[in-house]
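Accompanying notes for the structure given below.
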Amino acid sequence: MPLARLAELLPRPETDPPAKDWEAVERELGVRLPHDYVSLMAMYSGGFIDNYLLLLEPGSGNSVYDLLRHAEERDEAYEELWKYEDKPAEMEEAGNRLIPWATTDNGEYLFWLVRPGQSPDEWTLMINEEGGEEWERYAMTATEFLARVLAGEVRSEVLWSRFPEEVHSFLPALSL
């Protein structure tokens, strides 16, 4: 299980995160979220991983980590940007959408590629370089991606070369 593996690699917060009203979150987003992400939030919540990656949480008490705010901002930003720059091929398909689940302190974004009719548990992950047109794609869940990156099994060409750190850290968003 990717979540159990992640828990072995990444220290958990000292207190359990508050429960979320997932039905309300999913109504606001207009989609059901992946099961692994809901479980990830129940174990960690939003927070800062290895002094680089901001794990986003819907309705975070720290707006910097609020998935809902980032989703709205990214929708608006890409709508404008793609008037002038090429968008990834996947976004040419009618009804496809990107929802961010993480970002970095350098400005890269990690997204789910939401396709109509596709189960959220099968969404592709896409990473966009800060201020550029380079995209990476991963056929795995967010939790599996985090566990494999922290274990050194997956290496992104978009994310910072110093991520992950040797000794992993997690700071909950509400403590920042």
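The values are calculated or read from the model by the stated rules, or taken from the named source; none is laboratory data. Remember, predicted model here, so these are calculated numbers, not experimental data. Reconstructed Cβ throughout: ideal geometry from the backbone, glycine too, with neighbour counts over all protein chains shown. Keep in mind that these areas ignore ligands, DNA and RNA; they rest on the heavy atoms of the full protein, side chains included. Shrake-Rupley method; radii C 1.70, N 1.55, O 1.52, S 1.80 Å.
So for Val38, Val158, what's the accessible-area order with a 1.4 Å probe, most first?
Val38, Val158
Per 5 Å bin, what is the whole-percent P(r) computed from every C-alpha pair distance within segment 48-89?
6, 21, 19, 18, 16, 14, 6
Over all directions, what mean area does the Cα convex hull of segment 1-115 project, stated in square nanometres?
Dividing the Cα hull surface by four gives the mean projection, 8.1 nm².
Provide Ser175, Ser156 ordered by accessible surface of protein heavy atoms (probe 1.4 Å), highest first.
Ser175, Ser156
Could you please state how large a percent of the accessible area of the chain is carbon and sulfur, counting protein chains only and using a 1.4 Å probe?
The nonpolar share, carbon plus sulfur, comes to 47 percent.
Please give me the summed charge of the neighbours of Pro164: other residues whose Cβ is under 12 Å from its Cβ, Lys and Arg +1, Asp and Glu -1.
With Lys, Arg at +1 and Asp, Glu at -1, the net is -1.
Please compute the per residue accessible area over the chain with all protein chains in place, 1.4 Å probe, rounded to a whole number of Å².
51
Using label points projected 7 Å from each Cα along Cα→Cβ, tell me how many nm separate Asp121 and Leu171, to one decimal.
Simple spin-label model gives 3.5 nm for this pair.
In nm, to one decimal, how far is the Ala77 label point from the Met1 one, both placed 7 Å along Cα→Cβ?
The two pseudo-label positions are separated by 3.4 nm.
In whole angstrom, and with the biggest value first, how far do the Cα coordinates of segment 48-176 range along each principal axis?
42, 32, 29
Please find the FRET efficiency linking Ala24 to Glu134, where r is the Cβ-Cβ separation and R0 is fixed at 41 Å, and quote it to the nearest 0.05.
Efficiency, rounded to the nearest 0.05: 0.70.
Quick one: what are the phi-derived ³J(HN,Hα) couplings along segment 167-174, Karplus 6.51/-1.76/1.60 with θ = phi - 60°, whole Hz, x for glycine and proline?
Result, ordered by residue: 9, 7, 9, 9, 10, x, 4, 5 Hz.
Work out, step by step, the length gained on full extension between Glu90 and Leu9: first 0.36 nm times the residue separation, then minus their alpha carbon distance; give nm to one decimal.
Contour length minus the Cα-Cα distance gives 25.9 nm.
R0 = 25 Å: FRET efficiency of Ala42 with Arg162, Cβ-based, nearest 0.05?
According to the calculation, E is roughly 0.30.
Quick check: net charge around Tyr44, other residues with Cβ under 14 Å of its Cβ, Lys/Arg +1 and Asp/Glu -1?
So the environment of Tyr44 carries a net charge of -3.
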